[in-house]
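One structure is given here, and the rest of the page talks about it.
The values are calculated or read from the model by the stated rules, or taken from the named source; none is laboratory data. These figures come from a predicted structure and were not determined experimentally. Counting neighbours? That spans all protein chains shown, and the Cβs are built from the backbone with ideal geometry, glycine included. For accessibility, only protein heavy atoms count, side chains too; no ligands or nucleic acids. Shrake-Rupley method; radii C 1.70, N 1.55, O 1.52, S 1.80 Å.
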Amino acid sequence: MTPARFPLLRVLCALCALCVNSFFFFASASPAQNLDKPLQSIDEEITAFAYAPDGRIVYSVYRRVKTKLYDALEHDDIWIQDAAGKRRRLLEGQKYTRGNQSFSYLINSFHWSPNGRMILAELLTTTIVDDSGKAEDSFQTLLLDDSGKEIRINKGDSVILDAANSTCLPDNATIAYLSESLKPRLLFSLKFTRPATGTVPSFYEGRTFHDIAWLSGANSAIAVEQDRYLTGPPRLQRLDLLSDNYKELATLDSYEGGLSVSPSGKKVAYFVDKEILEIRDLTSLNSVARLRIGLGVFRWSPDESRILLKRSLEKKSGDLVWIDLPPLAPIPANHEIPVAQPTPIPILHGLSFRDFAISPDGRSLAVVITGKRNLLVFPLPR
């Protein structure tokens, strides 16, 4: 008997094949999708975290502290965890003070120096300025070494005021950061400092930027520049951070956010509006692709063939999906760029997460779960 001559047998064979294939598919997928067995877990209320170059994780834990005047000030602790899961507290929030003024702070983000010895912690602060309880919001960057010691700038304070999106350059001694030029966080100026000597003159004084993405291992960055009056179009620029050399890469139709350079430094991606992500080849500038994926937060896969997208804004919860990237095709001048609509591939059972990061070696995925905000580490789902 053959399946071709007997329809019922043909159907049964097909069902058997489907069951076998499904078994092997889920068996192979289950190690990456088993939420009950993470590689590491931190059962704390996490407000921010970041991988170090060697795989360690620095993270902040939400804390409320009481003072004589106020019952509910926020002062995050800062901890570090090594690859074996051993943890150390670097900063005890309730002991972190600045002068005589009462203030609250939350850690917004962390960045590591290339050698993994310095931590740049961006703080969102609320300072109470008088007895009536009037408060002022600001942001600043705290410098710590990986043992928890505060790094003082020119023997002064360990904090850079009005400093966001900071990075340490390859010399492990120069810090570049953005300082607000047009409130609220619409445009920024580019500034520099060194812990050993203090402020360093900027070659881009007077110029304003929506966003800057630092190139790993290089003294250069990709920036979206716009005049401070917001009258001209945003322009994509490559900046040499240690000189006034720069190159205009493209004039953008618009810019919504999310500027990110791929791990190799050969591609850049950004949202041109609340729906469309544009990807551009930095080695062949007219090679471009557009994808309709909806505004969110994304990370590049290690091989740059796709991105992992959290379908929500920063610090908001959303599900994680893989988005396959199409080949970048040359687009003639004055021609409309076609928009692809890729099929999202959900991971981790389609659950929502508040934050996520891919490890530097590309093998692991760390997520902050919604609700308890615990941090879990899994093998990177394929």
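Laid out as a table, the results:
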item	result
Charged-residue dipole, Cβ positions (Lys, Arg, Asp, Glu), the stretch 246-316 about Cα centre, Debye nearest 20	320
Amide H within-cut-off set for residue 286, under 5 Å, with H built and near neighbours excluded	none
Trypsin sites (Lys or Arg not before Pro) lying in DSSP loop within the stretch 212-288, provided at most 10 other Cβ fall within 10 Å	274
Orientation-averaged projected area, Cα convex hull of the stretch 263-382 (nm²)	7.5
Cα-based Rg / Dmax (Å) for the chain	23.8, 92
Backbone N under 18 Å from the residue 313 label point (7 Å along Cα→Cβ), restricted to the stretch 107-125	108-109, 124-125
For the chain, accessible area per residue (1.4 Å probe, heavy atoms of protein chains only), Å²	51
Sequence of 70, 177 from largest to smallest accessible area, 1.4 Å probe	70, 177
The stretch 120-189: trypsin sites (Lys or Arg not before Pro) falling in loop per DSSP and having at most 15 other Cβ within 10 Å	134, 149, 152, 185
Relative contact order (%) - the chain, alpha-carbon pairs under 8 angstrom, separation at least six	11
Portion, in percent, of the accessible area of the stretch 332-382 that falls on carbon or sulfur, probe 1.4 Å	52
Counted charge near residue 203, where neighbours are those whose Cβ lies closer than 12 Å (Asp, Glu -1; Lys, Arg +1)	-1
Percent accessible area from carbon and sulfur atoms, the stretch 62-182, protein chains only, probe 1.4 Å	46
Share of carbon and sulfur in the accessible heavy-atom surface of the stretch 211-296 [1.4 Å probe, %]	44
DSSP-assigned coil residues among chymotrypsin sites (Phe, Trp or Tyr not before Pro) in the stretch 218-256, each with at most 13 further Cβ atoms within 10 Å	229
Table column - 3J(HN,Hα) (Hz), the stretch 200-213, Karplus curve with 6.51, -1.76, 1.60, x for Gly and Pro	10, x, 9, 6, 10, 4, x, 9, 10, 9, 6, 6, 9, 10
Label zone at residue 67, where the point sits 7 Å out along the Cα-to-Cβ direction: the stretch 80-117 residues whose backbone N lies under 18 Å	92-107
Estimated [θ] at 222 nm from DSSP helical runs (n ≥ 4, -39500 (n - 2.57)) normalised by residues in the chain, nearest 500	-2500 deg cm²/dmol
Cβ charges +1 (Lys, Arg) and -1 (Asp, Glu), total dipole of the stretch 216-374, debye	620
Using alpha-carbon coordinates, inclination of helix 7-33 to the longest axis of the chain, degrees	20
The stretch 86-157, dipole about Cα centre (Lys/Arg Cβ +1, Asp/Glu Cβ -1), debye to the nearest 20	540
Set of the stretch 222-255 residues, backbone N closer than 17 Å to the point 7 Å along the Cα-Cβ line of residue 275	253-255
Charge dipole of the stretch 222-318 about the Cα centre (unit charges at C-beta), most positive-ward option of 222, 297, 243	297
Rounded if a/c under 1.5, otherwise prolate or oblate - the stretch 95-212, Cα gyration tensor axes	oblate
Placed amide H near residue 211: partners under 5 Å, 5+ positions off or other chain	224
